[in-house]
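Here is the structure we will look at, set down as structure tokens.
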Amino acid sequence: MNSKRTLRALLVAASLAATGALAAELPAGDYARLSSQYAGWAGGKSNADALVGGMRSGSSITLVTTGGGRSVSLAGFTPSAPMSYGQISSALAGARESLSRLGIGNPTAEQIQAALIGGDIEVADGRTRQLAGVLLPRG
């Protein structure tokens with residue numbers, strides 16, 4: 001295994017451990033399918049793994065995205081409860097659709113967070129829009 005693959009594997013493992021979702025606890029087919037399906041939208045495989053693993057286990061999720069190699073966007077939240085793979089798929093599809101309606105195809109970590117749990121985001125014309133979110137955070 002080359003060093004990039006080794007590093008990537010370590011980052012994925014750390015992400016899964018950080019969300020409390022060990023690979024052994026997750027059916028590989030559903031987990032891998034959802035993670036792969038949303039990796040491009042979520043800003044990379046590690047973010048998609050964090051989303052799917054954290055939503056599945058109901059544990060803390062941390063997202064990091066970069067823009068143009070310079071700016072970094074960091075966001076975190078905790079789902080209200082563990083979710084089924086069907087619920088995760090619906091939630092991520094809903095979040096992607098709500099951002100897409102605002103013209104956001106490659107969201108930042110903060111925009112993904114707002115689409116999932118609610119919050120304000122800035123859209124391309126500089127205006128602020130409030131999103132209701134598709135998940136309820138832990139209170």
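Karplus-based coupling profile of the stretch 55-63, in residue order and whole Hz: 5, 5, 8, x, 10, 4, 10, 10, 10, with θ = phi - 60° in 6.51 cos²θ - 1.76 cosθ + 1.60 and x standing for Gly or Pro. The tail of the calculated P(r) for the stretch 73-139 beyond 20 Å holds 23 percent of all Cα-Cα pairs. Counting only Cα atoms, the stretch 24-116 measures 36, 25, 23 Å along its principal axes, largest extent leading. Annotation for the stretch 72-139: trypsin sites (Lys or Arg not before Pro) lying in DSSP loop with at most 10 further Cβ atoms inside 10 Å of their Cβ are R127.
A short reminder: the numbers here are calculations on the coordinates, not readings from a lab. The model shown is predicted, which means the values in this text are computed figures rather than measured ones. Counting neighbours? That spans all protein chains shown, and the Cβs are built from the backbone with ideal geometry, glycine included.
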